[in-house]
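Trainee: This structure is in structure tokens; I'll ask about it shortly.
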């Protein structure tokens with residue numbers, strides 16, 4: 001996991017997609033969505049992530065407008081930043097992400113991802129994120145054509161392909177989204193591609209084979225009888241023993 005984390009942190013130095021290390025494509029990175037954790041015991045959950053060999057924390061932000069749910073905000077991100085040194089992967093499912101880029105960067109985000117479908121200008125938002133020194137990600141919903149995100153790839157460190165409709169955890173993987181991942185990987189072999197939604201030991205191989213190198217998981221991981229083993233299965237490592 002140390003090598004994986006070093007790769008992630010190295011990219012935070014503002015490497016452009018055209019020069020992203022191929023090592024990122026070889027290794028599958030697991031991002032644990034705390035939306036699936038027991039918030040009453042969040043500190044304990046964060047501490048366990050390292051023992052489960054998790055590479056990053058996925059932090060979902062919902063405003064109740066862009067998606068029909070409300071989740072976490074800036075004070076909580078700050079608290080998590082104080083508690084862990086893990087890479088903080090912030091996913092903004094909000095109407096006006098440009099307005100809040102600076103605040104989330106100051107709160108400790110290592111990468112800020114926003115939705116192409118939001119009301120903020122995509123190019124201006126990507127540029128604002130880059131100016132903070134954080135990685136910039138851009139996300140697309142299941143119904144958004146992959147072609148719509150292409151004009152912004154020169155400014156993005158990562159593309160998030162939503163494999164469920166954003167807003168709620170515990171949903172089932174939408175098979176039609178797989179082709180988007182496959183197309184992006186075929187046309188942009190060095191691009192960092194993340195998938196989020198319905199990722200488990202059955203769907204992870206589908207996403208990996210299509211070309212995803214970052215897998216967001218929440219309910220599957222935190223509800224697993226053996227989270228260490230569950231994370232290994234997501235990475236395709238079915239030979240990993242149980243955590244001691």
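The values are calculated or read from the model by the stated rules, or taken from the named source; none is laboratory data. What you see is a predicted model; the values in this text were computed from it and never measured. As a convention, Cβ positions derive from the backbone with ideal geometry for all residues, glycine included, and neighbour counts pool all protein chains shown.
Trainee: Would you confirm whether any residue within region 219-239 is touching a strand residue (DSSP E or B) at 6+ places or on another chain (Cβ under 7 Å) and within 16 Å of residue 162 (Cβ to Cβ)?
Mentor: Of the residues in region 219-239, the ones touching a strand residue (DSSP E or B) at 6+ places or on another chain (Cβ under 7 Å) are 221, 231, 234-235.
With the extra rule that they be within 16 Å of residue 162 (Cβ to Cβ), the set shrinks to none.
No; the residues of region 219-239 include none that is touching a strand residue (DSSP E or B) at 6+ places or on another chain (Cβ under 7 Å) and within 16 Å of residue 162 (Cβ to Cβ).
Trainee: Filter region 107-141 for residues that are part of a loop (DSSP other than H, G, I, E, B) and without any contact (Cβ under 8 Å) to a residue 60 or more places away in the chain and give the result. I'd like the intermediate steps shown before the answer.
Mentor: Start the filter on region 107-141 by keeping residues that are part of a loop (DSSP other than H, G, I, E, B), which leaves 108-110, 116-121, 132-134, 141.
Answer for region 107-141, where residues must be part of a loop (DSSP other than H, G, I, E, B) and without any contact (Cβ under 8 Å) to a residue 60 or more places away in the chain: 108, 109, 116, 117, 118, 119, 120, 121, 132, 141.
Trainee: Scan 78, 71 and give me the residue that is at pLDDT below 95 and in contact with a helix residue (DSSP H, G or I) (Cβ under 9 Å, 6 or more places away or on another chain).
Mentor: That would be 71, the only listed residue that is at pLDDT below 95 and in contact with a helix residue (DSSP H, G or I) (Cβ under 9 Å, 6 or more places away or on another chain).
Trainee: Same structure, new question: Going by the conditions given, is residue 104 buried (at least 24 other Cβ atoms within 10 Å of the Cβ) and either free of Cβ contacts under 8 Å to residues at least 12 places away in the same chain or farther than 24 Å from residue 180 by Cβ (or both)?
Mentor: yes
Trainee: Let me ask something additional. Filter region 153-181 for residues that are on the phi < 0 side of the Ramachandran plot, part of a loop (DSSP other than H, G, I, E, B) and loosely packed, with under 14 Cβ neighbours inside 10 Å and give the result.
Mentor: Once the filter is applied, which keeps residues that are on the phi < 0 side of the Ramachandran plot, part of a loop (DSSP other than H, G, I, E, B) and loosely packed, with under 14 Cβ neighbours inside 10 Å, region 153-181 yields only 172.
Trainee: Scan (1) at pLDDT 95 or above; (2) under 19 Å from residue 160 (Cα atoms) for the single condition residue 102 breaks and write down its number.
Mentor: The failed condition is (2).
Trainee: Just the residues that are assigned to a helix (DSSP H, G or I) and surrounded by fewer than 24 Cβ atoms within 10 Å (Cβ to Cβ), please, taken from region 205-222. Let's see the steps before the verdict.
Mentor: In the first step, residues of region 205-222 are kept if they are assigned to a helix (DSSP H, G or I); the result is 205-210, 219-222.
Matches in region 205-222: 205, 206, 208, 209, 210, 219, 222.
Trainee: Within region 29-44, track down each residue that is surrounded by fewer than 21 Cβ atoms within 10 Å (Cβ to Cβ) and in a helix (DSSP H, G or I).
Mentor: Scanning region 29-44 gives 36, 39, 40, 41, 42, 43, 44.
Trainee: Right, next: Contact list please: Cβ distance under 7 Å, first residue in region 27-52 and without any contact (Cβ under 8 Å) to a residue 60 or more places away in the chain, second residue assigned to a helix (DSSP H, G or I), pairs at least six apart or on different chains.
Mentor: 42/34; 43/83; 46/80; 46/83
Trainee: Hey, could you check region 182-203 for residues that are under 14 Å from the mean Cα position of the chain (by Cα) and without any contact (Cβ under 8 Å) to a residue 40 or more places away in the chain and say which is surrounded by the most Cβ atoms within 10 Å (Cβ to Cβ)?
Mentor: Selected residue: 195.
Trainee: Right, another one. Name the residues in region 80-101 that are more than 14 Å from residue 33 (Cβ to Cβ) and either loosely packed, with under 15 Cβ neighbours inside 10 Å or in contact (Cβ under 8 Å) with a residue 40 or more places away in the chain (or both), would you?
Mentor: Correct list: 82, 83, 85, 99.
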